[in-house]
Each structure stands twice: as C-alpha cells, then as structure tokens.
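Note sheet for the following structure.
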Amino acid sequence: MSAAREEHWMRAAIVAARQGIAAGQSPFGCVIVSGEAPLATAHNQVWASGDPTAHAEITAIRLAAQRSGDISLAGCELYSTCEPCPMCMAAIHWARVDRVVYGAAIADAAAAGFHELTLPAARLLELGRSPVRLEAGCLAAECRALFGEWQAAGKSAAY
C-alpha cells in the first residue's frame, strides 16, 4: 500500500480521536476501509457507554459489520491511532480484517496512564497464527501527540 494512502486514512482516524477527546472520551480513533471508501469511523466510547469493551476498534468493527450486513470484514483494512490491545486484536482477527495499520505503540498508551497488557499485537498474532497483517508506526508522532492533547483537555480519565 502507498504511504500517501495510509497517511490519508490515519489522518481520518486522528480526526476521530480528536472528536472523542472533545466529547470527554479517551484519545483513540479508528477507521475501517473497504476498497477506497470508509466503512466505519469511530472513537473510544468507554466512558460514554459505561462499557469497558467500547474501544475505538471494537466500536468501529460493530458499526462496520452493521453497515455491511456481514460479520466478516474480509477485504477491509483497519487504521488505528494506537496499537490494538489484545482484546481489540482478537476482535480484529474474528472479524477477518485483512490488515491493520497503527500509529502510536501500546507502550505509549501505558505511559499515558492506561492499564495496558504488555502483549504486543504482533506477538498475539504470531501466537494465535492469525493471518491479519500488521503495519506499525504510521504517523506515530502525531498519534502519540493525541495523548498530550487528551491530558491537556482534562475531560476524561484513563482506565
């Protein structure tokens, strides 16, 4: 995939994360793309929903499956501002997403105060023998900066 295409969709995920920050949510955004079109865009909804599983990736997967009318998101790519946690990576696998591109690392989320498991997404995919392809570091500095924006906003708390 081209760097310009990846950056385009990651910028859309960053916009979603900023919408979440403005709404008092945590600084995570996600876009699921089918072909050349966005199928779902979401930000973290944990605090708004009272649901600890309402991460940006899970919220986007739910929306994409609903919109497509299919639980399989085969052929889709997922762009996330942060490395998916093990829960999200497992859901991505179950949804059969072809490829994940992420910006900030899970260690960046932990440094911002999130209660992260220290199992990298790549290791989880390897252990589970998942066919999901994973690309790290797209616009990483911009994605890491979202944690500072979120902390400066002071509207939400880590979990």
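Going by the conditions given, is C143 open to solvent by less than 40 Å² (accessible area, probe 1.4 Å), touching a Ser or Thr at 6+ places or on another chain (Cβ under 7 Å) and within 19 Å of V33 (Cβ to Cβ)? Yes: the conditions hold for C143. The number of residues in the range 96-138 being within 14 Å of the chain's Cα centre (by Cα), surrounded by fewer than 15 Cβ atoms within 10 Å (Cβ to Cβ) and under 18 Å from I58 (Cβ atoms) comes to 0. Take A37 and tell me if it is buried (at least 19 other Cβ atoms within 10 Å of the Cβ), over 30 Å from A152 (Cα atoms) and either without any contact (Cβ under 8 Å) to a residue 40 or more places away in the chain or touching a helix residue (DSSP H, G or I) at 6+ places or on another chain (Cβ under 6 Å) (or both). No; evaluated as a whole, the condition is false for this residue. Considered as a group, the residues in the range 79-130 that are without any contact (Cβ under 8 Å) to a residue 24 or more places away in the chain and not in a helix (DSSP H, G or I) include one that is nearest to A141 (Cα to Cα), and that residue is T118. Screening M10 on (1) modelled with pLDDT of 95 or more; (2) over 12 Å from the mean Cα position of the chain (by Cα) shows it passes everything except condition (2). Can you tell me which residues in the range 83-95 are surrounded by 14 or more Cβ atoms within 10 Å (Cβ to Cβ) and out of contact with any helix residue (DSSP H, G or I) (no Cβ under 7 Å at 6 or more places or on another chain)? Residues satisfying the conditions are M87, A90.
Listed here are the residues, each with its yes/no results for (1) at pLDDT 95 or above; (2) out of contact with any helix residue (DSSP H, G or I) (no Cβ under 8 Å at 6 or more places or on another chain); (3) surrounded by fewer than 16 Cβ atoms within 10 Å (Cβ to Cβ); (4) of a type in the set (F, W, Y).
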position	(1), (2), (3), (4)
A3	no, yes, yes, no
I32	yes, no, no, no
A42	yes, no, no, no
G50	yes, yes, yes, no
D70	yes, yes, yes, no
T81	yes, no, no, no
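Here the range 52-68 is the region considered, the condition is being over 15 Å from the mean Cα position of the chain (by Cα) and not basic (K, R), and the residue that is surrounded by the fewest Cβ atoms within 10 Å (Cβ to Cβ) is Q66.
Answer yes if at least one residue in the range 45-52 is over 15 Å from A157 (Cα atoms), touching a His at 6+ places or on another chain (Cβ under 9 Å) and assigned to a helix (DSSP H, G or I), and no otherwise. No, that holds for no residue.
One line per residue, one yes/no per condition, for (1) part of a loop (DSSP other than H, G, I, E, B); (2) touching a residue at least 12 places away in the same chain (Cβ under 8 Å); (3) small (G, A, S):
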site	(1), (2), (3)
A4	no, no, yes
Q19	no, yes, no
Q25	yes, yes, no
V31	no, yes, no
A42	no, yes, yes
A60	no, yes, yes
A65	no, yes, yes
A74	yes, yes, yes
E77	no, yes, no
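The values are calculated or read from the model by the stated rules, or taken from the named source; none is laboratory data. Because the structure is a prediction, the values reported are computed rather than measured. Cβ: placed from backbone, ideal geometry, glycine included. Neighbour counts: every protein chain shown. Side chains are part of the model used for accessible areas, which takes the heavy atoms of the whole protein and leaves out ligands, DNA and RNA. Shrake-Rupley method; radii C 1.70, N 1.55, O 1.52, S 1.80 Å.
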